[in-house]
Amino acid sequence: MNGRLEYRFDPKLVETPSYVIDEGLLKDNLEVLASVRERAGCKVLLALKCFAMHAVFPLLAKKLDGICASSPHEARLGREEFGREVHTFAAGYSEADIRDLCETSDHIVFNSFAQLDRFRPLVRELAEAAGRDIELALRINPEHSEGATPIYDPCSPGSRLGIRRAQFDADNLDGITGLHWHNLCEQDADCLERTIEAVERNFADVLPRMKYVNFGGGHHITWPGYDVELLVSLITRFKEKWNVEVYLEPGEAVALNAGYLVAEVLDVVQADMPVAIMDSAVPCHMPDVIEMPYRPHIVGSGEANEKAWTCRIGGPSCLAGDVAGEYSFDQPARTGDRLVFTDMAIYSMVKTNTFNGIQLPSIYLFRPDSNEIPLVRSFGYEDFKNRLS
């Protein structure tokens, strides 16, 4: 079953717009990650910034070691619903953030020595008062880019993320047990290999003083053809060379190709080409299509002019750029047709918004073993209204 190209539920059984998560495809991804975890002897965290559907956390928690958060709210969600390790990193914290995080996080990662110096005493005080063990870590900038899209490259020139070697104070590591970096985005293990070389070159004097190192996310581990053998080898060698524990924190790899966005055609209008208007708004329900940008796949479609009928697919909002792309189909689209967009679990669900008061998609969980498709959550007017006043 290739979730990138096909689906196995009946799209007529769900409201539109809606996200549908295929539990079986999630399990397939988890088996791959569990194999890496076991063979390499590493720990794997779920990046909530990518996928935070807590209805499936009990399933994920069976195979993963915990979550990584980017805010107090994500950390709280991880503590309450995932129930395993909670790691938190943010580019900057307020005192209120730290007070919240000391109730939920096991590891707090700082982006600068100034923040570390400011909050290290407070973390120790709060951890001792609560009888908790909170480990501190630092995010480093390997100063090695592998990403092709600048907006997703934490090592791009001028990046605010991670401490560069020139600013790294190796004499100020009291209480620091870990290092963290992140510089990949949907990439293979060869990119990690070159990144490790850069880290070892720049931080060889620091690595032996650490208990663990977090390789961050962006590892496309569950993508067909990903070099899992190289990944396992890199982790194993790094652990042995530096005597540290290794963490990975993939988000995409956990739910890659396991989710769909189902929309309905509302109308077909004529512009320079036919334009199918659907009930899903691109800026609201799949904003990465505009941010990245990229063209999402629709099951049964082809590239423009590949099949008999070509059209542009757009949404109902007032944004002129509310367009998913140009597609071709065997037959012209008609009002009432269902469109099934693939790979919509990752980043799409967490980035939904109510621009124009557009309805948030419902959420369904498809269980292939029983062919059930229960509704997990639906949204209405109150969800829109209560965000604004």
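Scaling the Cα radius of gyration of the stretch 102-181 by the globular reference 2.2 N^0.38 Å produces a ratio of 1.24.
What is the gain in length, in nm to one decimal, between VAL268 and ASN371 on full extension, counting 0.36 nm per residue of separation less the C-alpha to C-alpha distance?
33.8 nm
One compactness figure for the stretch 143-184 is 1.34, namely its Cα radius of gyration divided by 2.2 N^0.38 Å.
Computed with a 1.4 Å probe over protein heavy atoms only, the accessible surface of the stretch 165-233 comes to 39 Å² per residue. Largest first, the three principal axis extents of the alpha carbons in the stretch 256-389 are 43, 41, 28 Å in whole numbers. The listed residues HIS182, HIS285, HIS73, once ranked by accessible area (1.4 Å probe) with the largest placed first, stand as HIS73, HIS182, HIS285. Here the mean projected area of the convex hull built on the C-alpha positions of the stretch 32-144 is 8.0 nm².
Lysine pairs in the chain whose alpha-carbon atoms fall under 17 angstrom of each other, counting only those eight or more residues apart or on distinct chains, come to 9. Computed on protein heavy atoms with a 1.4 Å probe, the accessible areas place SER348, SER35 in the order SER35, SER348, largest first.
The accessible area of ARG295, taken with all protein chains in place and a 1.4 Å probe, comes to roughly 80 Å². Working note: Cα atoms of the stretch 1-98, range along each principal axis, descending, whole Å: 49, 38, 22. Across all directions, the average flat footprint of the convex hull enclosing the Cα atoms of the chain is 20.5 nm². Rolling a 1.4 Å probe across the protein heavy atoms gives the stretch 1-108 an accessible surface of 40 Å² per residue.
The values are calculated or read from the model by the stated rules, or taken from the named source; none is laboratory data. The structure displayed is predicted, hence computed values, not measured ones. We work out accessible area using only protein heavy atoms, side chains counted, and drop any ligands, DNA or RNA first. Shrake-Rupley method; radii C 1.70, N 1.55, O 1.52, S 1.80 Å.
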